[in-house]
1. For the stretch 24-69, name all the residues that are among the charged types (D, E, K, R) and either exposed (fewer than 11 other Cβ atoms within 10 Å of the Cβ) or part of a loop (DSSP other than H, G, I, E, B) (or both).
2. Identify, from the list Ala4, Ala25, Ala38, the residue that is closer than 24 Å to Val82 by Cβ, among the aliphatic types (A, V, I, L, M) and more than 11 Å from the chain's Cα centre (by Cα).
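None of the figures in this text is laboratory data; all of them are computed from the coordinates on show. Fair warning: this is a prediction, and the values are worked out from it, not measured in the lab. Reconstructed Cβ throughout: ideal geometry from the backbone, glycine too, with neighbour counts over all protein chains shown.
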Amino acid sequence: MGSASLLMWADIVHLPAIQFKRPEATMVFDVDPDEARAVRKRMLDEVSSERTFVTGGHLEFPALGYVAREGGAYSFVPELWVAAH
């Protein structure tokens with residue numbers, strides 16, 4: 001990964017299966033749904049454009065990867081883990 005960047009986020013994405021495809025989707029834990037929607041979209045745009053690695057508690061194992069833009073939606077692309085010998 002050399003000069004790659006890593007962003008550890010907490011609640012940018014609560015439900016990966018839904019919110020990567022529909023970043024406008026909010027949930028009860030979003031205290032300010034409009035702000036949560038705007039921040040999620042801005043962060044997904046940023047990390048997908050810069051191909052920044054992300055990790056966070058709500059991401060499925062291996063919970064480390066990058067975000068790819070797919071039109072108006074996104075997807076999480078996990079980083080493959082390779083065991084050292």
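1. Glu24, Asp30, Asp32, Asp34, Arg51, Glu60
2. Matching residue, one of Ala4, Ala25, Ala38: Ala4.
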